[in-house]
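Have a look at the structure below before the remarks.
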Amino acid sequence: MLTLEGVHAGYTAIPVLNGVSIRVDEGQFVAIVGPNGAGKTTIFRTISGTLRPFAGRITFDGQDLAAVRPDRRPHLGIAHVPEGRQVFASLTVFENLEMGAYTEAGRRAWKENLEAILGWFPVLAERRNQLAGTLSGGEQQMLAIGRGLASSPRLLMLDEPSMGLSPAIADLIFEKLLEIRKHSRLTILLVEQRVAEALESADRGYVLEAGRVVLEGPNSALRADDRVRQAYLGM
Ligand code: ATP
């Protein structure tokens, strides 16, 4: 569904991504893990189009994304739940979800999507008229995911959904993602610093260090890898 082939990108002349190749098949849950500053967020920016790669190719359903304007990419079915959630603080929970439904597919399926989102996240139903800025961090993350789902995506990209959350709330978010995936045909691409949890939830993973993929494979193989165990799992 999504491929990155030899992507080089950065913000200045100094590259942040040095030839990243990643493949996400339809229906898969793929995690990209790695230390701070490795370039995980930068990968997402090249996919959603806020950053143009210096070199390399990104395709979605076989279509070269270089030919698709960033503002059109959500309409192809790519949703990006950004780092730090970035909910619209002065709008209500309901209005935030409505804002998410701006794609053609999202508008068409608004009623069904809303019902599904409020079913997965009952706390959003209870607080549907509350201003998003007054929600707890975990609730805001659920809202950010719900807003992404309201666009009727086929690929949901999540940038560090556990950031700033307690371990218990982070676990709840990962459980919800698995539940959502089980009941939909959604493909998930996750970036995480919580490596153990991410590799437990995902089918496949990539370890990114200094803008390069240093390891990739099924989650079970990565969890058993000595380098991953020592560097990321504290074993
Ligand atoms: P983190 O988990 O800390 O967010 P990350 O793996 O997502 O890390 P990126 O955010 O992709 O890493 O950052 C990779 C590098 O790019 C870092 O050195 C960072 O300072 C730099 N960088 C990120 N955004 C910008 C920007 N807008 N302008 C210049 N440099 C940037």
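For the range 4-14, check the following and say yes or no: at least one residue is out of contact with any Ser or Thr (no Cβ under 7 Å at 6 or more places or on another chain), closer than 18 Å to residue 187 by Cβ and without any contact (Cβ under 8 Å) to a residue 60 or more places away in the chain. Write out each step before concluding.
As a first pass, look at the range 4-14 and keep what is out of contact with any Ser or Thr (no Cβ under 7 Å at 6 or more places or on another chain): 8, 10-14.
Checking the rest, the ones that are also closer than 18 Å to residue 187 by Cβ come to none.
No.
Taking the conditions (1) surrounded by fewer than 19 Cβ atoms within 10 Å (Cβ to Cβ); (2) modelled with pLDDT of 90 or more; (3) within 30 Å of residue 54 (Cα to Cα); (4) aliphatic (A, V, I, L, M) in turn, residue 163 satisfies each one other than (2).
Test residue 83 against the criterion of being touching a residue at least 60 places away in the same chain (Cβ under 8 Å), within 16 Å of the ligand (Cβ to nearest atom) and either over 20 Å from residue 163 (Cβ atoms) or not in a helix (DSSP H, G or I) (or both), and give yes or no. Write out each step before concluding.
Working: touching a residue at least 60 places away in the same chain (Cβ under 8 Å): yes; within 16 Å of the ligand (Cβ to nearest atom): yes; either over 20 Å from residue 163 (Cβ atoms) or not in a helix (DSSP H, G or I) (or both): yes.
Yes, satisfied.
If the condition is being under 16 Å from residue 205 (Cβ atoms) and either near the ligand (Cβ under 7 Å from one of its atoms) or surrounded by fewer than 23 Cβ atoms within 10 Å (Cβ to Cβ) (or both), then the range 31-42 contributes 34, 35, 38, 39, 40. In the set 58, 117, only one residue is surrounded by 14 or more Cβ atoms within 10 Å (Cβ to Cβ) and assigned to a strand (DSSP E or B); that residue is 58.
Suppose we filter 47, 14 for residues that are exposed (fewer than 15 other Cβ atoms within 10 Å of the Cβ) and not in a strand (DSSP E or B); which single one remains?
Values: 47 fails: exposed (fewer than 15 other Cβ atoms within 10 Å of the Cβ).
Result of the check over 47, 14: 14.
Scanning the range 61-79 for residues that are in a loop (DSSP other than H, G, I, E, B) and without any contact (Cβ under 8 Å) to a residue 40 or more places away in the chain yields a count of 3.
The values are calculated or read from the model by the stated rules, or taken from the named source; none is laboratory data. What you see is a predicted model, and the numbers here were worked out from it, not measured in a lab. No Cβ is skipped: glycine too gets one built from the backbone with ideal geometry, and neighbour counts run over all protein chains shown.
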